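Structure record follows, encoded as structure tokens.
No lab work stands behind these numbers, since they all come straight from the coordinates. Here the structure is a predicted model, which is why all the values come from computation and not from measurement. Here the Cβ positions follow ideal geometry from the backbone for every residue, glycine too, while neighbour counts run over all protein chains shown.
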Amino acid sequence: MVFRNAIQGRWIGKGRGWYPAIAEFEYQETLEITDTGRPFLTYRQSTQASDGSPLHTEVGYFRFLSDDRLEFVVAQPTGISEVLTGSVEPTEDGYRALLQAQQVARTETSKLVDSTNRRFLLRGESLSVGFSMAAMGQPMQPHLSSELRRDV
């Protein structure tokens with residue numbers, strides 16, 4: 001699968017976040033997607049504030065079901081885990097992966113997150129990442145967006 005090979009690597013860039021009742025913020029993001037030698041890729045994401053202090057991290061796996069179908073399992077240290085499924089489609093200059101949560105599990109102390117979806121838009125050496133959620137009584141809406149470049 002071409003998307004599977006193309007998305008592997010280390011990606012670095014800037015992002016911004018917003019959501020009702022919180023101030024808009026910016027962050028630095030590092031995303032590492034690596035081959036395991038099996039039909040899945042490992043995923044590790046971390047963000048830092050402008051002063052370098054850590055903000056968020058998550059880990060997971062992309063599992064490829066076919067050339068155009070995949071699953072994505074993500075765990076966060078804040079007590080939230082997501083199981084997402086979706087599709088990969090070629091675009092004029094790359095690929096788009098759209099994933100919708102089939103299940104969001106959370107600990108009793110985590111924030112209330114009802115549903116999530118994620119978007120990965122790969123264009124050559126650029127990767128745009130989007131995250132939307134329905135959480136804390138709010139309807140599904142965008143929360144995070146980042147623009148990353150391959151770190152060679």
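Annotation for segment 100-148: GluC sites (Glu not before Pro) lying in DSSP loop with at most 16 further Cβ atoms inside 10 Å of their Cβ are E108, E125. Taking each residue as 0.36 nm, the span from K111 to Q141 lengthens on full extension beyond its C-alpha to C-alpha distance by 9.2 nm.
Restricting segment 96-152 to trypsin sites (Lys or Arg not before Pro) that sit in a DSSP loop and have at most 15 other Cβ atoms within 10 Å of their own Cβ leaves K111.
Out of every Cα-Cα pair that the chain contains, those further apart than 21 angstrom amount to 43 percent.
Using the Cβ-Cβ distance between R10 and S66 with R0 = 25 Å, the FRET efficiency computed as 1/(1 + (r/R0)^6) comes to roughly 0.40. Counting neighbouring beta carbons within 10 Å and listing from fewest to most, the residues V113, V2 come out as V2, V113.
Remark: relative contact order (the chain) = 19 percent; criterion is Cα-Cα distance under 8 angstrom and separation of 6 or more residues.
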